[in-house]
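Reviewing the structure listed below.
The values are calculated or read from the model by the stated rules, or taken from the named source; none is laboratory data. Given the structure is predicted, the values throughout are model-derived calculations rather than measurements. Here Cβ is always computed from backbone atoms with ideal geometry, including for glycine, and neighbour counts include all displayed protein chains.
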Amino acid sequence: MKQSLMCSMLLVAVLGLVSCEKKDIKKTGLVKLSNQVYAMIANGPTAVEGLGANSGFVVGTKGVLVIDTRYTPALAYDLLKAIRSVTNAPILYVVNTHYHPDHTWGNSVFKEQGATIVAAPGTREELLKYSPVYLEYYRVHKPESFGMLVDVKVVAPDTVFRDGAEIDLGGIKAVVRYFGAAHTAGDCVVIIPKGKVVFAGGLLSNGYHPNMGDPGADFDNWFKALDRLGNMRINYIVPGQGKVCGKDVLETEKEYLVTLQRLCIEDIKKVTPLDQAVGSISVPGTDGYLQPNILSFNIQAVYRREIPRIVQPGCRFDLPEGFRLMDGGGSPKLGAVLWQARSTDGLLEIEVQWKPTATREVILQDVAEQVAHYQEVSDRVMVTEASKRIDIGGEKAPALYGGWKFKKELGQLGGGVWTWAMVIRGEMLYSIRLSTDAGYDADKERRNIDYLEKIASTFTVTQK
């Protein structure tokens, strides 16, 4: 009985230790995952807290490996202080899991410590390409945040790997793997086999909306990357944002991606405008997720990725560099697509709508009715000035032109000029809207609309 009691007490003690360990990993700040592996979990989603981005480090007998360096030099110094609370060993390496500022703008602090910075090729390229753009955006549009970024020195990775790398820190190894473009073009993960810990970077969020809006994202491969993580022997995952978790959160993330894509595809097929979709789509089970503003960017990203695949417009323009697909919906038989470009001369828009028709000729009344319908359903007042004919793919098509402005009740400023033309190709009627907002600069408006009409002359039907 005495032996049984001792076993029971030992079991309680062990269970108590396990319970404490599990409770420990559900905190923010410095989280010890093993004697050699630590996570630095952001306290929250604000800029001061680092936009929720996590980091971590691994300690070997030879030195330290740091995973991601946080959003600002000040936050990077906090990470350095946490490392020094554990060890005085030299910091040998930094791995950037991807290029986003909240994970890389502290690189300079660790470069000063003598670290070699390692990343996938896409991360190096994108960090150099986009960091100046981000910094300028903050300077112009978010001066309150830019005050924290004035000391940022963009430091690119020193070396890149193609498929993977193994780093021996002395008594413990870190395996760095690249599964292909997913959250960004250069996502990588850091695997610590000895502790069965994975630093997942941007591939995984826990309690935050994942960011699907990066230009280099590949949603299909994102699923595959999550599956590959799920097949590993893992005790703990350090997500790019949110608290330390287990493999169950991989399924939660996949469900988020699947659900949002499904909802967006349904709205695209119903020709729901993007701005309406942004206001109506929500992902079940995410009411308490942090950074809810990311959801609108995710919807936009899915829309712009899926529109060409679903709508399959049977026509094209020779669009100059700078034009981006912004909205659209429907099907190859009945639908619409909108492209936009922004420059120092203002906003440029080209929208084409198509539908079956039995008529053989377009008259100005057809164009006028299309303009009137657009005014009813859009946020704009359309004022028609006169008619003309413009070149649409080698045909002098009937067109109307005039000025536009936002409806008063919306409280928005803006306006400009437009041209609208219609043509028939085979059994389909194509309606082409050209519009510009040049800040009421008449010279720019005239140049912009001439430029758009020149693009419209390249219109081609690509499928019968």
Residues located in region 204-225, provided they are without any contact (Cβ under 8 Å) to a residue 60 or more places away in the chain and surrounded by fewer than 18 Cβ atoms within 10 Å (Cβ to Cβ): Pro215, Asp220, Asn221, Phe223, Lys224
Does region 344-367 include one or more residues that are out of contact with any Pro (no Cβ under 7 Å at 6 or more places or on another chain), buried (at least 18 other Cβ atoms within 10 Å of the Cβ) and of a type in the set (Gly, Ala, Ser)? yes
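Quick grid of which residues meet (1) within 29 Å of the chain's Cα centre (by Cα); (2) in the same structural domain as Leu169 (by TED's automatic domain parsing); (3) among the hydrophobic types (A, V, I, L, M, F, W, C):
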| position | (1), (2), (3) |
| --- | --- |
| Val59 | no, yes, yes |
| Gly63 | no, yes, no |
| Ile67 | yes, yes, yes |
| Tyr71 | yes, yes, no |
| Ser85 | no, yes, no |
| Pro90 | no, yes, no |
| Val95 | yes, yes, yes |
| Tyr99 | yes, yes, no |
| Asp102 | yes, yes, no |
Go through the residues of region 411-427 one by one and say whether even a single one is crowded, with 18+ Cβ neighbours inside 10 Å, touching a residue at least 12 places away in the same chain (Cβ under 8 Å) and assigned to a helix (DSSP H, G or I). no
Count of region 297-319 residues which are within 16 Å of the chain's Cα centre (by Cα) and touching a residue at least 40 places away in the same chain (Cβ under 8 Å): 7
Picked from region 320-347 (must be part of a strand (DSSP E or B) and more than 30 Å from Leu263 (Cβ to Cβ)), the residue farthest from the chain's Cα centre (by Cα) is Gly346
Here are some conditions: (1) among the charged types (D, E, K, R); (2) under 21 Å from His100 (Cα atoms); (3) in contact (Cβ under 8 Å) with a residue 24 or more places away in the chain. Arg228 meets all but one. Which one does it not meet? (2)
Could you check how many residues of region 53-104 are buried (at least 24 other Cβ atoms within 10 Å of the Cβ), in a loop (DSSP other than H, G, I, E, B) and not polar (S, T, N, Q)? 6
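Which residue out of Asp227, Asp163, Asp248 is within 28 Å of Asn293 (Cβ to Cβ) and among the charged types (D, E, K, R)?
Numbers: Asp227 fails: within 28 Å of Asn293 (Cβ to Cβ); Asp163 fails: within 28 Å of Asn293 (Cβ to Cβ).
Every option except Asp248 fails the conditions.
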Only one of these conditions is not met by Asp187: (1) modelled with pLDDT under 95; (2) of a type in the set (Asp, Glu); (3) closer than 30 Å to Thr286 by Cα. Which number is it? (1)
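Being more than 20 Å from Ala39 (Cβ to Cβ) and free of Cβ contacts under 8 Å to residues at least 40 places away in the same chain is the requirement here; does Glu125 meet it?
No.
Let me confirm something: among Gly60, Gly52, Gly44, which residue is in contact (Cβ under 8 Å) with a residue 40 or more places away in the chain and in contact with a Pro (Cβ under 7 Å, 6 or more places away or on another chain)? Quick ask: steps written out before the conclusion?
Numbers: Gly60 fails: in contact with a Pro (Cβ under 7 Å, 6 or more places away or on another chain); Gly44 fails: in contact with a Pro (Cβ under 7 Å, 6 or more places away or on another chain).
Testing whether each residue is in contact (Cβ under 8 Å) with a residue 40 or more places away in the chain and in contact with a Pro (Cβ under 7 Å, 6 or more places away or on another chain) leaves just Gly52.
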Can you confirm whether region 260-278 contains a residue that is without any contact (Cβ under 8 Å) to a residue 60 or more places away in the chain, part of a loop (DSSP other than H, G, I, E, B), in contact with an Asp or Glu (Cβ under 8 Å, 6 or more places away or on another chain) and over 23 Å from Trp222 (Cβ atoms)? yes
With respect to the numbered conditions (1) farther than 24 Å from Ile25 by Cα; (2) loosely packed, with under 15 Cβ neighbours inside 10 Å; (3) in contact with a helix residue (DSSP H, G or I) (Cβ under 8 Å, 6 or more places away or on another chain), which one is the sole condition not fulfilled by Gly230? (1)
Would you check if Val371 is in a strand (DSSP E or B), touching a Phe, Trp or Tyr at 6+ places or on another chain (Cβ under 7 Å) and outside the structural domain of Ser205 (by TED's automatic domain parsing)? no
I need every pair where a residue in region 233-246 that is under 15 Å from Asp102 (Cβ atoms) has its Cβ under 6 Å from the Cβ of a residue that is part of a loop (DSSP other than H, G, I, E, B), sequence separation at least 6 or different chains. Val238/Asn54; Val238/Val244; Pro239/Asn206; Gln241/Gly52; Gly242/Asn206; Gly242/Gly207
Filter result (exposed (fewer than 15 other Cβ atoms within 10 Å of the Cβ) and either at pLDDT below 95 or not in a strand (DSSP E or B) (or both)) within region 396-410: Lys407, Lys408, Glu409, Leu410
Of the conditions (1) in contact with an Asp or Glu (Cβ under 8 Å, 6 or more places away or on another chain); (2) modelled with pLDDT of 95 or more; (3) not hydroxyl-bearing (Ser, Thr, Tyr), the single one that Leu257 does not satisfy is (1)
